[in-house]
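Each remark here refers to the structure printed beneath this line.
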Amino acid sequence: MDEFLNEIWGIHRLYIDKNLLFTPDAEISAVVMSANEKNFEKFINIESFKEIFANFGLKAQIYGIQALQTGIINALIKHKISKFSLILNLQTLKEAKIINEAELSKIVSFIQTLNDGEERKDKDFSALSFTFGKNLETLNKCADELITLAPQSAENIQKSKKSANENEFVISVTGVINAGKSSMLNAFLNASVLGTSNIPETANLTLLKFSETPYAKVKFYTPDEMKILGFHENYSDIEISPDELINYTSAKNEISKFIKMVELGVEAGILKDNIKIVDTPGLDDAVVLREELTKSFMGQSDAIIHLMNAAQSSTKKDMSFIVETLANSKNSELIIVLTHADMLSKEDLLDALKYAQKSIKEELENFGFSQDLSSNVNFFCIDSISKNGINDLKNFLYESFFGANSKKANAILNSYAKNLALVCDGALKECEFKSLNLLGNKNELKVQNAEILEKIEVLKHNSEELQVLLAEIKTKFDYSDFYDFSALKSAGIIIKDRIISDMKYAKKYRENLDLNRLKIIAQSGINDAITDIFRTFSQRISKDIQNYKMILGEKFGEISNFSFDTQKFMNESFKKPNFMGFDIKFTELINKFGDLVKFSSEFDKFFTAFLKDLNLKNEFEKIAVSCTDNFLQSINENFKTEKNELDTKEKILKEALLQSGINDENIGLQRKNLKEKIEKLNAVKERILKCF
């Protein structure tokens, strides 16, 4: 590090803490690493460059630049930034003439010679080493303490704890045959779990989950799915020993073709952190049903790893898959891994990476998508023998899942911490109320008790009135008149026109139609149209809920501060359509009708039938009912909480009335105990708030 920084900064090199660590993404890291003594002045006057440093609490000056560069270099050494993604972004800066060839060569040479530091064993990879794991552990300890301090809320605390600790992170792994998928996964798991033969026994989707006792579950197609495949057999799912699996999945056995997927319980460190891995059948799978199952898992994935043999990368199949993933899996990390990287020289490997990046951009443009989507891809390389590069990939995933910038991890922690903080607040109010009333005389306590009883009566009356209003509001949450699906019909026309255009082109130049490309275009168009319609639908429901909340809040003070996130509920409930039937019929239609006029007519019929089968109106109404019911139920829960608080106060006052005749020494002891409890609750709350 010193030698490199001395070389690029010369006499401007400053003393910087060598232990600094910063983890910007590869694109920002490339910009920062490009600065040196000759060009830094042109950088520091650019507003976007200043913003980069402001985000890390630094200024865009020589010290700030060298500090951030030091932090990035340490992040590279600790596998927190992909070296290959950084190099590709540096190449982009060179092509944009922001840095020259000599500057690029100097930085790339340094990055390539960075040692991997201390080799991390599988056991060293733990969520507890990252922000999420540390904060989750803190919150779990706080939850356990709160159960003792606020036993009346034990059920609520346990529920929150269970929910936070059982959240899963899903990785889907894809690639063509010979991409080295099984070898990579075995190295990734640090266990020999999957076969590594070049000739697979059968193409099964395999779900890998943590289990101290290894097991295998064989899951078969349902009777309805069997009919689609043209089979009449019927099998029940079975759990067996992993050693027996070959008797079911071997291509030599007739039963193998009826298997939908296999679930394997594996004792592997990475799976212990609630990570599930989906080993997909690959891009060569000819079974449409299994392909749709794969897509379903990928749609739920937090990261998608696509493997390509470094010497045979960027095939048409690879590019089509990558484009489809970038277009439709907007919430997932897409990671491209070049396997067998040690079979190429460093120069050839970089060329393969550059070619892959270039091909992705070209294919995105060819499909009609923005090339900017390519910035969502991260690149890694893994050697075939030493498996060098596995730790880079693992650490990137752990940082993505459990690091300080993980949206999913932060959402889990915030929800957990918020609930625990509310329990703390309730317990503190109870203690403070109890403490204040221990010294009250009987008359004062009786007056307070009467006031509480009066509030309970008012709340009871309001609750009865509320039920009448909620029943009335429920009837007004009627969305049966929502028929605005015209955008889907427009999407159908656009899709048909693009297909016909491709068919004409293929016919004119005597080329084969790229069916996969057409399917991706069609599915993406339909998904976008449905998403737009659902957004409009959600906004209408959100507006209605907000209006009724305002009306109720004005009438009942108990819910004036009540909050309900309609958009979040709607988005979490919305599921993209299943394209299994669409893909089958779509392919049949194109293969059957070469005549464009006939095709146009048949496509219209097919698309109309497809939309009818989707029954979006009914699906949207179900979500609306679920959302509005949840809103109304939450209001009732809010009233229930208010009632519980008043009941607790009444109980405290009754106890205080009984205690009023007891000697001061006993009251003093109780107040002392309450003070200690309040101090403990405040200490717990302080620790909880640090986890937000």
Quick one: in the range 387-407, which of the residues that are under 21 Å from H340 (Cβ atoms) and among the charged types (D, E, K, R) is nearest to the chain's Cα centre (by Cα)?
K394
Can you tell me which residue within the range 18-41, out of those that are among the hydrophobic types (A, V, I, L, M, F, W, C) and in a helix (DSSP H, G or I), is nearest to the chain's Cα centre (by Cα)?
A26
Among the acidic types (D, E), in a loop (DSSP other than H, G, I, E, B) and without any contact (Cβ under 8 Å) to a residue 24 or more places away in the chain - does that describe any residue in the range 99-119?
yes
Flag for E137 being charged (D, E, K, R), assigned to a helix (DSSP H, G or I) and surrounded by 13 or more Cβ atoms within 10 Å (Cβ to Cβ):
yes
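Residue-wise test of (1) surrounded by 15 or more Cβ atoms within 10 Å (Cβ to Cβ); (2) in contact with an Asp or Glu (Cβ under 8 Å, 6 or more places away or on another chain).
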position: I335; (1), (2): yes, no
position: S345; (1), (2): no, no
position: S374; (1), (2): yes, no
position: C381; (1), (2): yes, no
position: I385; (1), (2): no, yes
position: G403; (1), (2): yes, no
position: L413; (1), (2): yes, no
position: A421; (1), (2): yes, no
Would it be correct to say that D532 is more than 28 Å from the chain's Cα centre (by Cα), at pLDDT 85 or above, closer than 26 Å to L326 by Cα and in a helix (DSSP H, G or I)?
no
Test set (1) hydroxyl-bearing (S, T, Y); (2) part of a loop (DSSP other than H, G, I, E, B); (3) in contact (Cβ under 8 Å) with a residue 24 or more places away in the chain - Y15 fails condition number:
(3)
With the condition kept exactly as written, say whether any residue in the range 494-503 is small (G, A, S), more than 35 Å from the chain's Cα centre (by Cα), in a helix (DSSP H, G or I) and under 30 Å from I322 (Cβ atoms).
yes
Taking the conditions exactly as written (more than 32 Å from the chain's Cα centre (by Cα) and among the aliphatic types (A, V, I, L, M)), does L614 satisfy them or not?
no
Taking the range 618-629, which residues are surrounded by 16 or more Cβ atoms within 10 Å (Cβ to Cβ) and of a type outside the set (F, W, Y)?
E619, E621, I623, A624, C627, T628
From L689, L674, L653, L669, residue being more than 30 Å from L470 (Cα to Cα) and modelled with pLDDT of 90 or more:
L689
Identify all residues within the range 140-149 that are more than 28 Å from the chain's Cα centre (by Cα) and crowded, with 22+ Cβ neighbours inside 10 Å; write none if there are none.
L146
Across the range 526-548, the tally of residues that are surrounded by 19 or more Cβ atoms within 10 Å (Cβ to Cβ) and free of Cβ contacts under 8 Å to residues at least 60 places away in the same chain stands at 3
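Conditions tested, residue by residue: (1) modelled with pLDDT under 85; (2) under 30 Å from Q523 (Cα atoms).
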position	(1), (2)
K407	no, yes
K442	yes, no
N462	yes, no
T475	no, no
I493	no, yes
K549 in a helix (DSSP H, G or I), over 27 Å from the mean Cα position of the chain (by Cα) and outside the structural domain of E363 (by the TED database)
yes
It is to be established whether one or more residues within the range 56-63 are closer than 24 Å to N376 by Cβ and within 28 Å of the chain's Cα centre (by Cα).
yes
Being out of contact with any strand residue (DSSP E or B) (no Cβ under 7 Å at 6 or more places or on another chain), acidic (D, E) and surrounded by fewer than 17 Cβ atoms within 10 Å (Cβ to Cβ) narrows it down to one residue among E430, E464; which is it?
E464
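Residues checked against (1) of a type in the set (G, A, S); (2) in contact (Cβ under 8 Å) with a residue 60 or more places away in the chain:
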position: D372; (1), (2): no, no
position: I382; (1), (2): no, yes
position: S406; (1), (2): yes, yes
position: I412; (1), (2): no, yes
position: L428; (1), (2): no, yes
position: C431; (1), (2): no, yes
position: N437; (1), (2): no, yes
position: I456; (1), (2): no, yes
Please go through (1) in contact with a helix residue (DSSP H, G or I) (Cβ under 7 Å, 6 or more places away or on another chain); (2) part of a helix (DSSP H, G or I) for E655 and return the number of the only condition it doesn't satisfy.
(1)
Please pick out the residue among Y505, Y479, Y483 that is of a type in the set (F, W, Y) and modelled with pLDDT under 85.
Y483
Just to check your reading of the model, which residue among E511, E554 is more than 17 Å from F599 (Cα to Cα) and in a loop (DSSP other than H, G, I, E, B)?
E511
When only residues in the range 6-17 that are of a type in the set (A, V, I, L, M, F, W, C) and within 12 Å of Q69 (Cβ to Cβ) count, which is nearest to the chain's Cα centre (by Cα)?
I16
How many residues does the range 232-262 contain that are within 14 Å of T206 (Cα to Cα), assigned to a helix (DSSP H, G or I) and in contact with a helix residue (DSSP H, G or I) (Cβ under 8 Å, 6 or more places away or on another chain)?
3
Is the range 388-395 home to any residue that is assigned to a loop (DSSP other than H, G, I, E, B), at pLDDT below 90 and not small (G, A, S)?
yes
In the range 555-563, is there at least one residue being surrounded by 15 or more Cβ atoms within 10 Å (Cβ to Cβ), among the acidic types (D, E) and touching a residue at least 24 places away in the same chain (Cβ under 8 Å)?
yes
Has the range 476-487 got any residue that is part of a helix (DSSP H, G or I), assigned by the TED database to the domain that holds K617 and in contact (Cβ under 8 Å) with a residue 40 or more places away in the chain?
yes
Residue hits (the range 344-386; farther than 24 Å from S105 by Cβ and over 27 Å from the mean Cα position of the chain (by Cα)) are E362, N366, S384, I385, S386
Out of contact with any Lys or Arg (no Cβ under 7 Å at 6 or more places or on another chain), assigned to a helix (DSSP H, G or I) and within 24 Å of K387 (Cβ to Cβ): does that describe F84?
yes
Apart from one, (1) polar (S, T, N, Q); (2) farther than 23 Å from I171 by Cα; (3) surrounded by 14 or more Cβ atoms within 10 Å (Cβ to Cβ) all hold for N204; the odd one out is (2)
Residues of the range 280-304 satisfying the condition of being outside any loop (DSSP other than H, G, I, E, B) and modelled with pLDDT under 90
V288, L289, R290, E291, E292, L293, T294, K295, S296, F297, M298, G299
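The values are calculated or read from the model by the stated rules, or taken from the named source; none is laboratory data. Only a predicted model underlies this, so the values are computations on that prediction, with no experimental measurement involved. Cβ atoms come from the backbone with ideal geometry, glycine included; neighbour counts cover every protein chain shown.
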